[in-house]
Amino acid sequence: MATENTRAYDPTLVWGRLIILLVLITTAELLTTFTPPQFGMVLHGLVLLFLFALAARVSRPDETRFLLALSLAPLIRLMSLALPLTLFPFSFWYMVVGTPLLLTAWLVARLCGLSRGQVGLGKVDWSAQLLLGLTGFALGFVEYLILRPEPLVAEFSLAQVLPVAFTLLVFTGFLEEYIFRGVMQHTASRWIGSVGIFYISAVFAVLHIGYRSLLDVIFVFLVALFFAWVARESRSIVGVTLAHGVTNISLFLVFPFLLN
């Protein structure tokens with residue numbers, strides 16, 4: 001039994017699992033993007049089951065928490081592909097996918113025993129966090145130059161822009177930062193140390209393969225590292241939530257009108 005425990009938590013074996021999981025998630029995203037998405041959904045589903053099986057098999061609590069948190073990555077894609085989004089206006093798609101994801105992420109945080117402070121929702125230095133949020137305009141400008149997306153609304157008016165901007169702030173900004181820089185980053189750091197921010201940033205970047213731009217994946221990875229460092233040092237996800245939300249608002253609602 002001692003030999004099995006030693007093997008189970010050998011660093012080489014642990015990192016082998018982590019690399020395999022990252023490769024599988026990446027492959028699932030590639031299949032979803034460049035083949036019929038059903039192939040990617042199947043692989044994401046298998047990865048999700050694999051993560052649950054590993055979480056049930058390992059005996060170290062920190063590893064179990066990390067695997068449960070990481071299961072949110074394939075779940076994000078499964079929900080975005082499986083929910084009947086065509087029944088709703090396009091501007092509501094983020095909310096339709098994000099609402100059950102937010103509930104699931106909260107439940108995972110509870111299962112992992114994470115406090116508000118541990119996921120970055122403790123005390124806030126609002127002046128610094130608001131200032132950080134303004135960086136989203138620069139990040140959105142750079143990403144717009146990379147992707148050149150179409151706007152999410154037909155015209156640049158308050159009636160059309162404000163509801164979608166709020167949706168992007170909550171269901172991309174807050175939701176994704178809560179999942180990646182909150183739940184995932186904390187559990188990863190407890191399990192594999194400071195290198196955990198690189199691993200979670202890579203997972204976050206991989207989930208942007210759907211935009212079909214290698215340059216954007218690299219850009220998102222660098223932004224994710226910046227957000228990860230800020231969240232770790234400030235112990236808050238408020239600033240990165242604002243920056244993330246403003247990035248997407250600029251990318252999809254502001255610059256498509258200003259620069260076209």
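The values are calculated or read from the model by the stated rules, or taken from the named source; none is laboratory data. Fair warning: this is a prediction, and the values are worked out from it, not measured in the lab. Neighbour counts run over all protein chains shown; Cβ positions are idealised from the backbone, glycine included. Protein only, heavy atoms only, side chains kept; ligands, DNA and RNA dropped before computing areas. Shrake-Rupley method; radii C 1.70, N 1.55, O 1.52, S 1.80 Å.
Would you kindly state how much longer the chain becomes between Ala82 and Phe257 on full extension, computed as 0.36 nm times their sequence separation minus their alpha carbon distance, in nm to one decimal? Present the calculation step by step, with values, prior to reporting the outcome.
Numbers: separation 175, 0.36 × 175 = 63.00 nm, distance 3.14 nm.
Length difference between fully extended and current span is 59.9 nm.
What number, in percent, do you get for the relative contact order of region 144-260 if the mean sequence gap of Cα pairs under 8 Å and at least 6 apart is divided by its residue count?
Working: 112 pairs, mean separation 53.0, N = 117.
45 percent.
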| Can you give the accessible area of Tyr94, probe radius 1.4 Å, in Å² rounded to 10? | 60
| note | Lys and Arg at +1, Asp and Glu at -1: neighbours of Ala188 with Cβ under 12 Å from its Cβ sum to +2
| query | Hey, got the Cα dimensions of region 71-147 along the principal axes, in Å, largest first? | reply | 41, 41, 20
| query | Relative to a virtual label point 7 Å from the Cα of Ser213 in the Cα→beta-carbon direction, which members of region 150-172 show backbone nitrogen distances below 20 Å? | reply | 150-154, 165, 168-169, 172
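Whenever you get a sec, compute what percent of the accessible area on the chain sits on carbon and sulfur atoms (1.4 Å probe).
On the way: 9100 of 12810 Å².
Here carbon and sulfur together make up 71 percent of the probe-accessible area.
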| query | Local charge sum around Val161 (other residues, Cβ-Cβ under 15 Å, Lys/Arg +1, Asp/Glu -1)? | reply | -2
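So for the chain, averaging the separation of alpha carbon pairs under 8 Å that are six or more residues apart and normalising by length, what relative contact order in percent results?
Numbers: 323 pairs, mean separation 69.1, N = 260.
About 27 percent, as a whole number.
At 0.36 nm per residue, minus the direct Cα-Cα distance, what do Val124 and Ala154 gain on full extension? Give it in nm, one decimal, please. List each step's numbers first, then the result.
Details: separation 30, 0.36 × 30 = 10.80 nm, distance 3.64 nm.
7.2 nm is the gain from fully extending Val124 to Ala154.
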| remark: In nanometres, the difference between 0.36 nm per residue of separation and the alpha-carbon distance of Phe226 and Ala138 is 30.3 nm
| message | Angle check, please: helix 61-70 long axis (alpha carbons) against the longest principal axis of the chain (alpha carbons), in degrees 0 to 90, nearest 10. | response | 30
| region 153-254 - convex hull of alpha carbons, volume per residue in Å³ | 90
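With a probe of 1.4 Å, find how much accessible area the chain has per residue, and write the answer as a whole number in Å².
49
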| Of Tyr178, Ser189, Ile19, which is farthest along the charge dipole of the chain in the positive direction, counting Lys and Arg as +1 and Asp and Glu as -1 at C-beta? | Ser189
| Asp125 accessible area, assembled protein chains, probe 1.4 Å, Å² | 90
| When ranked by the protection proxy of mean other Cβ atoms within 10 Å per residue, highest first, what sequence do the peptides 96-103, 50-57 form? | 96-103, 50-57
| task | Relative to the longest principal axis of the C-alpha atoms of the chain, give the angle of the C-alpha long axis of helix 214-234, reported between 0 and 90° and rounded to the nearest 10°. | result | 70
| note | So the FRET efficiency between Leu22 and Ser59, C-beta based with R0 = 22 Å and rounded to 0.05, is 0.45
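Percent of alpha carbon pairs in the chain separated by more than 36 Å?
On the way: 4050 of 33670 pairs.
Cα-Cα pairs of the chain separated by over 36 Å account for 12 percent.
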